[in-house]
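Read-outs: derived from the displayed coordinates by stated rules, not from any lab. Computed from a prediction, not measured in an experiment: that's the story for all the values here. FYI the Cβ positions are ideal-geometry reconstructions off the backbone, even for glycines, and counts take in every protein chain you see.
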Amino acid sequence: MYAPDEMMTVTAARSLRDGMTCFVGIGVPSEAANLARRTHAPELVLIYESGTVGAKPGYVPLSIGDGVLAETADAVVSVPEIFNYWLQPGRIDVGFLGAAQLDRYGNINTTMIGRTYEHPAVRLPGAGGAPEIAAACKEVVVVLRQSRRTFAERLDFVTSVGFGTGPGSRQQLGLTGGGPNLVITDLGVLRPDPATLQLVLTGIYPGVSVDQVRDHTGWELAVSPDLSELAPPSAAELAALRLLASAPAASLSRRPPAATVPTAGGASP
Amino acid sequence: MAEIVTLADAIAATVHDGDTVAMEGFTHLIPHAAGHEVIRQRRRDLTLVRMTPDIIYDQLIGAGCARKLVFGWAGNPGVGSLHRFRDAVENAWPHSLELEEHSHAGMANRFVAGASGLPFAIMRGYRGTSLPAYTSGVADIVCPFTGETLTAVSALRPDVAVIHAQRADRHGNVQYWGISGVQKEAVLASARSVVTVEEIVDTLPPQPGAVVLPSWAVGYVAAAPGGAHPSYSLGYSERDNDFYKAWDEISRDRQRFAAWLDEHIYGAAAAATGPDPAAPTRAAC
């Protein structure tokens with residue numbers, strides 16, 4: 001047995017290919033990226049916006065700045081450097097983002113919901129690194145739980161741009177990355193239609209119906225004629241995920257063996 | 001040359017009502033003890049600048065020190081909301097809070113411009129988002145060489161930067177390492193600066209990857225061992241993730257937050273190394 005969230009995390013991990021460079025947000029993206037590194041993608045390069053490049057945490061860090069990230073990184077750079085030298089020129093293969101709200105073009109809101117900007121019903125944390133990750137990575141994967149509230153017809157605030165208002169939008173705005181090519185939820189996965197760039201349901205989890213996905217979407221959902229059912233998590237994937245998610249820090253090796261500890265910045269005295 | 005003083009004296013000398021203050025430290029090396037001292041000295045009408053407001057600004061906002069927040073991401077990393085921040089924005093408690101909102105990349109570049117003595121920085125960003133409509137200091141700019149439209153963000157020039165570092169020597173040279181954030185830029189962009197440190201040593205030992213701020217570029221240095229808690233100082237302490245989780249409950253309720261302030265900030269005045277917090281000494285600055 002497994003939970004919908006576990007299927008979501010495993011699906012997100014599977015989307016990462018070995019050897020990729022991955023700009024990781026905290027939460028499910030970080031959990032999934034670390035799972036991928038522990039299963040099929042041991043050479044996945046994890047980059048956190050705290051400036052830790054090539055971090056290899058032995059557990060899922062709570063924040064993007066936990067000490068274990070700096071201690072295990074290939075390099076630790078400043079925040080201006082991580083954004084200006086590493087992200088902005090398009091060196092990163094995939095940006096892995098969460099979202100509070102998403103529209104059919106994969107635009108993201110993480111700023112505010114309801115009423116006015118000055119006096120919102122719900123104030124969310126805001127942009128963080130997401131706008132530039134969404135703009136510059138070669139591809140973007142968005143992970144979020146699916147509901148009529150999160151899959152919105154119209155966003156109250158566009159924090160990070162997906163495909164903007166449709167074909168040609170990214171080019172017109174000068175956004176150099178490829179945009180969101182995959183959205184992973186707790187019900188299935190969506191990809192942009194090559195012609196309209198609107199999200200289309202292309203994969204569904206075992207035991208989930210298309211009607212159920214429609215009920216959890218705030219716009220009229222398009223469904224791919226090639227809709228497939230995704231394989232449930234394997235025993236190995238589930239075991240690795242549960243170990244990562246539940247292991248108290250002390251019970252796992254905090255650092256790789258001494259021989260492989262990188263000597264770049266960030267080593268303790 | 002940096003002056004080595006007590007934390008209370010450093011804050012009294014540099015942070016005045018109405019100032020623009022940048023307390024930096026990206027998850028690592030957050031100057032919490034200095035933030036507590038600002039609360040204890042009951043500073044008001046501050047414009048608080050920081051990439052990730054985090055718990056330190058949640059406390060300052062809840063304590064009524066802030067008039068305006070200039071920021072990129074206001075959350076409790078890995079945990080959820082900053083409840084005092086939300087209460088101020090959504091319900092104007094303890095009073096309303098003006099927002100000037102950017103992305104992290106925008107904030108970082110604004111600090112770089114300030115440190116570089118430039119009026120603005122150039123970046124790719126913001127285009128197509130709702131941010132420019134609600135935030136001053138963002139404008140399109142055309143490259144004079146390629147004709148490309150890029151984004152200009154205005155420089156940050158705070159009155160005061162406050163950071164925490166691992167060590168300083170007795171001359172006030174400052175050394176820090178690990179996740180280094182935007183602290184160097186914040187100090188160089190600001191008119192005044194305070195650096196709290198884990199320890200003051202005779203000479204700074206060589207440290208791979210360390211950033212050194214020479215004494216003549218720093219205003220005040222104050223010893224504050226453990227002064228990053230619940231953030232951490234690599235090599236000295238670990239991030240207290242349990243406190244970050246506990247803060248969610250403490251900060252959710254106004255009364256519980258007020259009780260926490262009374263017990264841990266105002267009540268801790270006697271433990272501070274500085275003068276009576278009710279009558280802080282004002283050093284010349």
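The amide H of residue B:70, built 1.01 Å from its N in the peptide plane, has B:48, B:49, B:50, B:100 as neighbours under 5 Å, considering only residues 5 or more places off or on other chains. Placing unit charges on the Cβ atoms only, positive for Lys and Arg and negative for Asp and Glu, gives the protein assembly as shown a dipole magnitude near 320 debye about its Cα centre. Each residue of the stretch B:54-67 is assigned a 3J(HN,Hα), and the resulting list reads 6, 4, 4, 7, 4, 5, 5, 5, x, 7, x, 7, 10, 9 Hz, derived from the Karplus form 6.51 cos²θ - 1.76 cosθ + 1.60 (θ = phi - 60°), x at Gly and Pro. Sorting B:44, A:14, B:67, B:110 from the fewest to the most surrounding beta carbons within 10 angstrom yields B:44, B:67, A:14, B:110. Of the trypsin sites (Lys or Arg not before Pro) found in the stretch A:123-168, the ones in coil according to DSSP and having at most 15 other Cβ atoms within 10 Å of their Cβ are A:148, A:149, A:154. Remark on residue B:221: its backbone amide H falls under 5 Å from those of B:3, B:4, B:5, B:195, a criterion applied only to residues 5 or more positions apart or on other chains, H modelled at 1.01 Å from N. On the basis of the beta-carbon distance and an R0 of 25 Å, residue B:42 and residue A:119 show a calculated FRET efficiency of 0.40. The shape of the stretch B:78-234 comes out oblate: with a ≥ b ≥ c from the C-alpha gyration tensor, a/c is at least 1.5 while a/b does not beat b/c.
Take the Cα radius of gyration of chain B and divide it by 2.2 N^0.38 Å, with N its residue count; two decimals is plenty.
0.98
Put the Cα centre of the stretch A:199-232 next to the Cα centre of the stretch B:1-50 and the gap is 52 Å. Each residue of chain A gets 141 Å³ once the volume of the Cα convex hull is shared out per residue. A simple rule links phi to the HN-Hα coupling: the Karplus curve 6.51 cos²θ - 1.76 cosθ + 1.60 with θ = phi - 60°, which for the stretch A:196-210 gives 8, 6, 7, 5, 10, 6, 10, x, 9, 7, x, x, 9, 9, 4 Hz, with x for Gly and Pro. Between residue B:238 and residue B:134, the distance separating the two model label sites (each 7 Å from Cα on the Cα→Cβ line) works out to 3.8 nm. The magnitude of the dipole of the stretch A:1-70, with charges of +1 and -1 set on the Cβ of Lys/Arg and Asp/Glu and taken from the Cα centre, is near 180 debye. Secondary-structure-derived ellipticity at 222 nm for chain A, considering helices only, amounts to -6000 deg cm²/dmol, per-run term -39500 (n - 2.57) for DSSP H runs with n ≥ 4.
Principal-axis analysis of the Cα atoms of chain A puts helix A:4-14 at an angle of about 70° to the longest axis. Bridgeable lysines around residue B:184 (alpha carbons under 30 Å apart, same-chain partners fewer than 8 residues away excluded): A:56, B:68, B:245.
What fraction, in whole percent, of alpha-carbon pairs in the protein assembly as shown exceed 45 Å separation? Summing the P(r) of the protein assembly as shown above 45 Å gives 13 percent of all pairs. Neighbour counts of C-beta atoms inside 10 Å place B:82, B:60, B:97 in the sequence B:97, B:60, B:82, starting with the fewest.
Considering only A:181, A:194, A:155, the residue lying farthest towards the positive end of the dipole of the stretch A:132-237 is A:155, judged by Cα position with unit charges set on Cβ. If R0 is taken as 30 Å, the Cβ-Cβ distance between residue A:165 and residue A:18 corresponds to a FRET efficiency of 0.25. Anisotropy class assigned to the stretch B:104-154 is oblate, per the alpha carbon gyration tensor with a/c at or over the 1.5 cut-off and a/b no larger than b/c. Ranked by how many other Cβ atoms sit within 10 Å of their own Cβ, fewest first, the residues B:249, B:24 fall in the order B:249, B:24. Relative to one another, the C-alpha centroids of the stretch A:89-103 and the stretch A:152-168 are positioned 13 Å apart. Simple rule: put +1 on each Lys or Arg Cβ and -1 on each Asp or Glu Cβ in the protein assembly as shown, find the dipole, and look at A:134, B:181, B:1; the Cα lying farthest toward the positive end is A:134. Taking the DSSP beta bridges with both ends in the protein assembly as shown, the antiparallel portion is around 40 percent. Over the residues of chain B, the helix contribution to mean residue ellipticity at 222 nm works out to -7500 deg cm²/dmol, using -39500 (n - 2.57) for each DSSP H run of at least 4. Think of the protein assembly as shown as a dipole: +1 on every Lys or Arg Cβ, -1 on every Asp or Glu Cβ, centred on the Cα centre; then among A:62, B:220, B:246, B:220 lies furthest on the positive end. Computed over the alpha carbons of the stretch B:1-147, Rg followed by Dmax gives 16.6, 53 Å.
In terms of its C-alpha gyration tensor, the stretch A:1-136 comes out oblate, because a/c is 1.5 or above while a/b does not outweigh b/c. Most simply put, the stretch A:4-248 has about 45% antiparallel DSSP beta bridges, counting only bridges with both residues inside it.
Using the alpha-carbon positions of the stretch A:152-207, Rg (one decimal) and Dmax (whole number) come out as 12.6, 41 Å.
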